[in-house]
């Protein structure tokens, strides 16, 4: 992998209803089906190269643990896999991930290890914009809900074709960082970091191709009134 390639990090719940004594199975809530399933939870990494080649890299089982000393989060497993990758590859890569990876400390870890990152914003994610305050006569950071950004740029999105990417300038994210005070005591402070807020339009996926023969496919009917 070389500069600009992508590592996609994800977690997958694979239902396994018949394995009662397998140690890495547990009951988890599946948000897609809105139900609890007896499954194994895999945290995975997938390589996506600029030439279009894709291949799986590594994976870890996430297991529920009753002992607090043995508990490991999915972010811990993702860090472990990325840290193992860094042992033999130092390229500047992107890490693409779902919303559940949205953790500012994890983002800071990625940047400290020479990774760039991209993810979807949650509805409650607080972004900031640097604006000029005429009353205070200086620039200040104001809160911005990410749900308002698509509404703001909708006229531009409507005027262009589908499958287009638009960058929204002047967006910041408040990120914690560790520092020391005068007496040498560690303290956590906040800093505003510029981020590239991206709006993307996409085309609807094509309908699935039916493998049934024409005479075996189910017929559909529609009543059309006539004059």
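Taking the chain as a Gaussian network, Cα atoms linked when under 10 Å apart, which of 21, 64, 79 shows the biggest mean-square fluctuation? Judging by the Gaussian network model, the answer is 21.
Could you put 105, 74 in order, starting from the residue whose Cβ has the fewest other Cβ atoms within 10 Å?
So the residues, fewest neighbours to most, are 105, 74.
FRET efficiency for the residue 14 to residue 145 pair, using the beta carbon distance and R₀ = 41 Å, is estimated at 0.70. Here the residues 101, 29, ranked from fewest to most Cβ neighbours within 10 Å of their Cβ, fall in the order 29, 101.
Expressed in units of 2.2 N^0.38 Å, where N is the residue count, the Cα radius of gyration of region 61-166 is 1.48.
Relative intensity of the chain on a log10 scale, I(q)/I(0) at q = 0.17 Å⁻¹, equals -1.41, per a Debye sum over C-alpha point scatterers of equal strength in the absence of solvent. Here, P(r) means the percent of Cα pairs in each 10 Å bin from 0 to the largest distance; for region 115-190 it is 14, 32, 31, 16, 5, 2.
Entry note: region 1-76 has Rg to Rh equal to 1.07, where both radii use alpha-carbon atoms and Rh is the Kirkwood radius. For region 107-162 and region 10-46, compute the distance between their C-alpha centroids and round to whole Å. Here the two parts' Cα centres lie 34 Å apart. With contacts taken as Cα pairs under 8 Å and at least 6 residues apart, region 121-205 reaches a relative contact order of 27 percent. 7 Å from Cα along Cα→Cβ at both residue 178 and residue 22: what's the point-to-point distance in nm? Each label point lies 7 Å from its Cα, and together they span 3.8 nm.
GNM on the chain, alpha-carbon springs under 10 angstrom: the most fluctuating residue among 92, 158, 129 is 158.
When each of 32, 9, 167 is scored by the number of other beta-carbon atoms lying within 10 Å, the sequence from fewest to most is 32, 167, 9.
Short-range pairs are left out: with C-alpha atoms under 8 Å and at least six residues apart, the relative contact order of the chain is 13 percent.
Only the coordinates and a few stated rules stand behind these numbers; no lab work does. Quick caveat: nothing in here was measured; it's all calculated off a predicted structure. Virtual Cβ from ideal backbone geometry, glycine too; neighbours counted across all protein chains shown.
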